[in-house]
Amino acid sequence: MSAPASPPVVLLHALSLDGTMWDAQRTVLEAAGHSVLTPHQRGFGGVPLGHDAPSLDLVADDLARTLDAQGMDRVVLVGASMGGYTAMAFLRRHPGRTLALGLVSARATADTDAERDGRERFAAAMADRVRAPALIRSTAPRLVGATTRAGRPDVLRKVAALAGSAPTASLAWAQRAIAVRHDSVDVLRSANLPAVVITGGEDELTSGDDARTVADALPQGRLVTVPRAGHLPSLERPKAFQAALDDLLTRTREMTC
């Protein structure tokens, strides 16, 4: 059976941002006939955080319930940074529901002890009313590349505004959830579906080697490096990002199941 001509697409946002980071992609995809979901993760975009312990497995289950409510069975799943980690958790916990996969600025491996410690320090700082805003202001610019910082002040302002408006409790919860995520190399190796791994050539948070590891783990993985972009290529270089996404959708339409 052929894949749907215009399969539904779900776009999962990065840490500190919300579903509006995908506005440009949503417009293009809907014009092409796709149903598009850009859900806010719990704690972001006005969605209540709740009282559960931090876990991306929980976020993946939230997504499954959202898809059920929308009557969506199998979808093209694209996640950026934290959204990529949620996508990998979704693959593990809800097999068979992903038609194709896009992972953006995300790693397949679990955090090292040092990385977990760094996330915990950030999370702990979110409880300090003085330190938290200063830390958010200082770290938000690293979400974009040097070219964007130098020449795209509109993008930098948008990223800084979204990061600055995110509830500190949600930022802390999400950092702790990411810190305890599973290593996903094995689940990616078993995901024999159209896949693209997109990385920014100026990403200061994940490396080209990280992206290559993800792409190599995926049986049908293709690596796309977006030049002059950092951790958020969909915002920094939307046309180049859309080209990579369009290629994934073409491969999805061509596949048989």
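Structure values in brief
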{"item": "Residues of region 38-49 satisfying the condition of being open to solvent by 30 Å² or more (accessible area, probe 1.4 Å) and either closer than 19 Å to Leu103 by Cβ or touching a strand residue (DSSP E or B) at 6+ places or on another chain (Cβ under 9 Å) (or both)", "result": "Pro39"}
{"item": "Yes/no for Ala146 being open to solvent by less than 30 Å² (accessible area, probe 1.4 Å), at pLDDT 95 or above, small (Gly, Ala, Ser) and out of contact with any strand residue (DSSP E or B) (no Cβ under 7 Å at 6 or more places or on another chain)", "result": "no"}
{"item": "Residues of region 164-215 satisfying the condition of being in a loop (DSSP other than H, G, I, E, B), open to solvent by 20 Å² or more (accessible area, probe 1.4 Å) and either without any contact (Cβ under 8 Å) to a residue 24 or more places away in the chain or among the small types (Gly, Ala, Ser) (or both)", "result": "Ser190, Gly201, Ser207"}
{"item": "Failed condition for Ala161, given (1) under 18 Å from Ala14 (Cα atoms); (2) of a type in the set (Gly, Ala, Ser); (3) free of Cβ contacts under 8 Å to residues at least 24 places away in the same chain; (4) assigned to a loop (DSSP other than H, G, I, E, B)", "result": "(4)"}
{"item": "Test set (1) under 24 Å from Leu143 (Cα atoms); (2) part of a helix (DSSP H, G or I) - Leu249 fails condition number", "result": "(1)"}
{"item": "Per-region count, region 16-28, residues in contact (Cβ under 8 Å) with a residue 40 or more places away in the chain and buried (at least 19 other Cβ atoms within 10 Å of the Cβ)", "result": "6"}
{"item": "The one condition in (1) in a loop (DSSP other than H, G, I, E, B); (2) β-branched (Val, Ile, Thr); (3) touching a residue at least 40 places away in the same chain (Cβ under 8 Å) that Val47 fails to fulfil", "result": "(3)"}
{"item": "Index of the failed condition, Pro233 passing every other in (1) out of contact with any Gly (no Cβ under 6 Å at 6 or more places or on another chain); (2) within 24 Å of Thr98 (Cα to Cα)", "result": "(1)"}
{"item": "Test result for Leu135, touching a Phe, Trp or Tyr at 6+ places or on another chain (Cβ under 9 Å) and not acidic (Asp, Glu)", "result": "yes"}
{"item": "Search result, residues across region 64-96 that are among the aliphatic types (A, V, I, L, M), touching a residue at least 24 places away in the same chain (Cβ under 8 Å) and open to solvent by 10 Å² or more (accessible area, probe 1.4 Å)", "result": "Met72, Leu91"}
{"item": "Close pairs from region 50-61: first surrounded by fewer than 19 Cβ atoms within 10 Å (Cβ to Cβ), partner acidic (Asp, Glu), Cβ under 8 Å, at least 6 apart", "result": "Leu58/Asp52"}
{"item": "Close pairs from region 123-148: first among the basic types (Lys, Arg), partner surrounded by 14 or more Cβ atoms within 10 Å (Cβ to Cβ) and part of a helix (DSSP H, G or I), Cβ under 8 Å, at least 6 apart", "result": "Arg131/Ala125; Arg137/Ala160"}
{"item": "Number of the condition not met by Pro141 [criteria: (1) open to solvent by 10 Å² or more (accessible area, probe 1.4 Å); (2) in a strand (DSSP E or B)]", "result": "(2)"}
{"item": "Index of the failed condition, Leu135 passing every other in (1) surrounded by 14 or more Cβ atoms within 10 Å (Cβ to Cβ); (2) assigned to a loop (DSSP other than H, G, I, E, B)", "result": "(2)"}
{"item": "Residue check for Gly118: under 24 Å from Gly208 (Cβ atoms) and in contact with a Gly (Cβ under 9 Å, 6 or more places away or on another chain)", "result": "no"}
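The values are calculated or read from the model by the stated rules, or taken from the named source; none is laboratory data. Here the structure is a predicted model, which is why all the values come from computation and not from measurement. Glycine gets a Cβ as well: all are built from the backbone with ideal geometry, and neighbour counts include every protein chain shown. Areas reflect the complete protein model, heavy atoms only, side chains present, ligands, DNA and RNA absent. Shrake-Rupley method; radii C 1.70, N 1.55, O 1.52, S 1.80 Å.
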